[in-house]
Amino acid sequence: MITDTHAHVWWKSFADDRDEVLQRAREAGVSRMVIVATDLESARASFEMCAGKDDLFPTAGVHPHDAEHLTDEIRAEIEALCARPECVAVGETGLDWFKEFSPREAQFAGFRWQLALAKRLDKPVIIHCRDAHEDTVQLVREHPGVRGVMHCYTMGVDELAPYLEAGLYISFSGVVTYPKNDANRAAACAVPEDRLLVETDCPFLSPQGHRGKRNEPALVAEVLRVVAEARGDDPERLARVTSANAARLFGLPALDDPPA
Ligand SMILES: [Zn+2]
Ligand SMILES: [Zn+2]
C-alpha cells in the first residue's frame, strides 16, 4: 500500500487514458492518491474525478504560476471548495522564483491567503517552493501552527530544519531517484520517519529510467523504493509508514493495520 500524495491526474495529457492510468496505479500497489489542483478549473475537475472513489482525494487551491489570475470571485469559489468535507488540503500554493510566471507580489499574496485559509479551515496546506527557500520559510513562520507539506522537496539537508521546526511534512518525488542527486537522498534520510511522504507530481518529474516521458501515479513505487534504499529500510514497511503519515496529515480514513 503506497500513497501518492501529489498527482495532477486531471492534466490534459491523461485525457485519453485516465482510467487505465488509475488502474495501473492500483495494480502497482498505489492504494491512495491525492489529486492536487492548481487553479479553479482543475479544482473542479479534481472534485469531479474523486466523487464516489474511495481511493482518490481532491484538493483546491491556486499554484504560484497562476497567482496573478486570482480575483475575489475565484478566491470565494476556491474557499467554498476547500471548506467541503471531501477536500483534504488547500493548495497547491507557494512561491516559484525559477519560472516566475506570476509577478512576485501576486505569488506572495496568493500564498499568504492560502496559508491563512488553511489555518482557518484547519486543513493542511500543500507548499510548492522553487528557488524560493528563504521567502518560503519567512511566510511559513508568519503563520505559526499551520499544518502541511513541503511537496516535491528538491533541496538538501541544510534547508530542512526550518520546515521540520514548523511541523511540516516533507514529500519526495522522482527527483530523489536521479543518480547525481545524493544531496536530495541525504535529505530523504534526514527527515524523521513520521514526517516523510512520497509523491509523483505527475505528469511531471518522472523517476530515473522514465525521464522525458509522462509520469503517472504507478511510478511512485519507484520513488518509494529509492527512498527506502537510501534509508536502509524495507520498501513495504516504508510504504505503510508513509501511507499512515499521509492519512494523519490529510485526514484520510485510518489504515487497517498500523505499521509496526
Ligand atoms: Zn508544485
Ligand atoms: Zn504539483
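Observations on the structure shown:
- Residues (surrounded by fewer than 17 Cβ atoms within 10 Å (Cβ to Cβ) and either assigned to a helix (DSSP H, G or I) or under 15 Å from the mean Cα position of the chain (by Cα) (or both)) located in region 156-174: A161, P162, L164, E165
Here is a yes/no grid of residues against (1) more than 14 Å from ligand 1 (Cβ to nearest atom); (2) closer than 22 Å to Q23 by Cβ:
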| residue | (1), (2) |
| --- | --- |
| G52 | yes, yes |
| D72 | yes, no |
| A80 | yes, no |
| A89 | no, no |
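- Within region 102-147, tally of residues that are open to solvent by less than 80 Å² (accessible area, probe 1.4 Å), within 16 Å of ligand 2 (Cβ to nearest atom) and at positive phi: 0
- Residue that is nearest to T59 (Cα to Cα) [pool: residues in region 11-44 that are within 16 Å of ligand 2 (Cβ to nearest atom) and among the charged types (D, E, K, R)]: D39
- Qualifying residue in region 10-28 (condition: of a type outside the set (A, V, I, L, M, F, W, C), over 24 Å from R225 (Cα atoms) and not in a helix (DSSP H, G or I)): yes
- Whichever residue in region 32-53 is of a type outside the set (A, V, I, L, M, F, W, C) and touching a residue at least 24 places away in the same chain (Cβ under 8 Å) and, among such residues, is surrounded by the fewest Cβ atoms within 10 Å (Cβ to Cβ): R44
- Every residue from region 1-31 that is farther than 18 Å from D66 by Cα, of a type in the set (D, E, K, R) and open to solvent by 30 Å² or more (accessible area, probe 1.4 Å): D16, D17, R18, D19, E20, R24, R26, E27
- Residues in region 57-101 that are in contact (Cβ under 8 Å) with a residue 12 or more places away in the chain, of a type in the set (D, E, K, R) and away from ligand 2 (no atom under 16 Å from the Cβ): E68, R75, E77, E79, R84, E86.
The values are calculated or read from the model by the stated rules, or taken from the named source; none is laboratory data. Keep in mind the model is a prediction, meaning the values are calculated, not measured. Using ideal geometry, Cβ is built from the backbone for each residue, glycine included, and neighbour counts are taken over all protein chains shown. All accessible areas refer to the heavy atoms of the entire protein, side chains included, with ligands and DNA or RNA removed. Shrake-Rupley method; radii C 1.70, N 1.55, O 1.52, S 1.80 Å.
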